[in-house]
1. Where residues in the stretch 271-302 are at pLDDT 90 or above and loosely packed, with under 15 Cβ neighbours inside 10 Å, which of them is nearest to PHE221 (Cα to Cα)?
2. Restricted to the stretch 154-169, and to residues that are assigned to a helix (DSSP H, G or I) and under 17 Å from THR206 (Cα atoms), which residue is modelled with the highest pLDDT?
3. Any chance the stretch 234-253 includes a residue that's at pLDDT 90 or above, in a helix (DSSP H, G or I) and surrounded by fewer than 20 Cβ atoms within 10 Å (Cβ to Cβ)?
4. If a residue has to be in contact with a Leu (Cβ under 8 Å, 6 or more places away or on another chain) and outside any loop (DSSP other than H, G, I, E, B) to count, how many in the stretch 172-219 make the cut?
5. Is there a residue being assigned to a helix (DSSP H, G or I), in contact (Cβ under 8 Å) with a residue 24 or more places away in the chain and of a type outside the set (Gly, Ala, Ser) anywhere in the stretch 114-122?
6. Considering only residues of the stretch 118-148 that are surrounded by 14 or more Cβ atoms within 10 Å (Cβ to Cβ) and among the charged types (D, E, K, R), which is farthest from ILE48 (Cα to Cα)?
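The values are calculated or read from the model by the stated rules, or taken from the named source; none is laboratory data. Everything numeric here is computed off the predicted structure, so don't read it as measured data. Don't worry about glycine lacking a Cβ; one is built from the backbone with ideal geometry, like all the others, and counts go over all protein chains shown.
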Amino acid sequence: MSKSVTQYDLTHTLSPNLDKQFIYRILEYLKTKNLYSNEELNIQIIKIIQKTNMVDVLADLAKSSTVKPEFLPSPESLKQKRDAVVKQMNDYKTSLAPIVKLFEDQTLIKSLASEKKLNIEYLSQRHNIPKDSADQLLLSSRFSYDCGSYTAAIDSLNIYKQLQPEPSGQNFLSAQWGKLACEISRRNWDSAFKDLSILKDAIDNTTFPQPAILLSQRTWFIHWSLFVFFNLEPANTNSNSNPNSNGRVQMINMIFQDENYLNTVQTTCPHILRYLALCIITTRRKKTVVEGVDKEYYFGKT
């Protein structure tokens, strides 16, 4: 394919701020567009999947791909990895059984929460829950996500989040990033939008040791948000539809009209302007946004 076409593909530009599984799905999508050879894309897909626990996906790729053997894992290594994944999954299931069983009693959990006793210290003293259960929940959720077991990951994350004293801070942020990743991977866009809003509040209300970390969090947020904003059902401009269903309007509200996120776009990812411009053109927010652009002289600065 000529460079005049592929030069507009932003996959390489976006990838540093995306999860591995997001990149995998983008590459699968590119295979339908005939921009690159399937062998070239399959090589990159295999490299990405090898960094996850999605052993069955990797095995299917190895069987069906026309990629040269040197790029493929051996059957022996696949079996070893599958055995290791199954063992680790069972280990997490065993270690987390006490806290999972406890959270099945929602009457008790609600009572503990109302009394502000829903924390790992109290649970370990009064309900014999191992003190490392919170850490294990977070580790197991990441492991399940890497396996492509998104429901299992969400179950662990929901318990972990309930153990956090406030909906902010590094621990809550880690869980919320994980929850958003799961909902995006499940293509559950309504839930992903809710998680996106929760994550934005958590980022903005967390104190980071360095400004660069906050800037990085906002940069990742903007990139991940693209999956949500452009997959929410577009609102019919001739009706009074729920504005939350219009992802493009929400992108304007969350990013373009928030000075902190607008500054992030300007500083770390001006390529996001392509998506913002599309949102502006295809919604009835032109006047408001143009006024903001004029005020900030934004396009002139980039």
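1. HIS271
2. Only one residue tops the list, namely LYS161.
3. Yes, the stretch 234-253 contains a residue that is at pLDDT 90 or above, in a helix (DSSP H, G or I) and surrounded by fewer than 20 Cβ atoms within 10 Å (Cβ to Cβ).
4. Adding up the residues that qualify gives 19.
5. yes
6. Only one residue tops the list, namely ARG142.
A quick yes/no check of all residues on (1) aliphatic (A, V, I, L, M); (2) not assigned by TED's automatic domain parsing to the domain that holds ARG248:
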{"position": "GLU166", "(1), (2)": "no, yes"}
{"position": "GLY178", "(1), (2)": "no, yes"}
{"position": "ALA181", "(1), (2)": "yes, yes"}
{"position": "ALA192", "(1), (2)": "yes, yes"}
{"position": "ASP204", "(1), (2)": "no, no"}
{"position": "THR207", "(1), (2)": "no, no"}
{"position": "ILE213", "(1), (2)": "yes, no"}
{"position": "SER216", "(1), (2)": "no, no"}
{"position": "THR219", "(1), (2)": "no, no"}
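The rows are residues; the columns are (1) on the phi < 0 side of the Ramachandran plot; (2) surrounded by 14 or more Cβ atoms within 10 Å (Cβ to Cβ); (3) assigned to a loop (DSSP other than H, G, I, E, B).
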| residue | (1), (2), (3) |
| --- | --- |
| THR32 | yes, no, yes |
| GLN44 | yes, yes, no |
| LEU58 | yes, yes, no |
| THR66 | yes, no, yes |
| ASP83 | yes, no, no |
